[in-house]
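Every read-out reported here was derived from the displayed coordinates using simple, explicitly stated rules and does not represent laboratory data. Source: prediction; values computed, not measured. Reconstructed Cβ throughout: ideal geometry from the backbone, glycine too, with neighbour counts over all protein chains shown.
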């Protein structure tokens, strides 16, 4: 099955997916489980119909964060990818794992009781300039092992010429 729509995957490229159709209810979840699962202050999620979803490379590992929910992640690099409620007709994607996360704007937030109380002040923080050309930044860019934000025939570690 080949689909247009959204593609995404983990940081190393071991797990890739594609979804057709719209992403439903894109939102930021602030619950403590999502914070722990993502290692972040909130987790952006959105759903797609299972019939419009396919894994295109690899298989995720799964952690049951409760009796009702399992979370899919890459077993090689640890990237959180899915929030799944088995038995439903949809699966939730982590929106940061999309190749083009800026294409999906959240429409809501959930579980605000665990939201960081200082989020409102983030835009007032000093910002580091873009375009860091320090030796360290250049060394990181030149040795980057992150999978590109598009589908490839092979993973970068497989020394492809994509």
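Helix-only mean residue ellipticity at 222 nm, the chain, DSSP H runs n ≥ 4 weighted -39,500 (n - 2.57), per residue, nearest 500. What is it?
Only helices count here, giving -2500 deg cm²/dmol.
Placing a pseudo-label 7 Å from each Cα along the Cα-to-Cβ vector at residue 77 and residue 124 gives an inter-label distance of 3.6 nm. Between residue 154 and residue 67, the simple spin-label model (points 7 angstrom out along Cα→Cβ) gives 4.7 nm. Based on C-alpha pairs under 8 angstrom that are at least 6 apart in sequence, the chain has a relative contact order of 27 percent.
Put a dot 7 Å past the Cα of residue 56, heading toward its Cβ, do the same for residue 142, and the two dots end up 3.2 nm apart.
If you take the square roots of the eigenvalues of the alpha-carbon gyration tensor of the range 98-159 and sort them as a ≥ b ≥ c, do you get rounded (a/c under 1.5), prolate (a/b over b/c) or oblate?
Note, shape of the range 98-159 comes out oblate.
Looking at the chain alone, DSSP beta bridges between its own residues are antiparallel in about 90 percent of cases.
Under conditions of 20 °C and 1.002 mPa s, the chain yields 124 µm² s⁻¹ as its translational diffusion coefficient, taking Rh as the Kirkwood radius over Cα pairs in the Stokes-Einstein equation.
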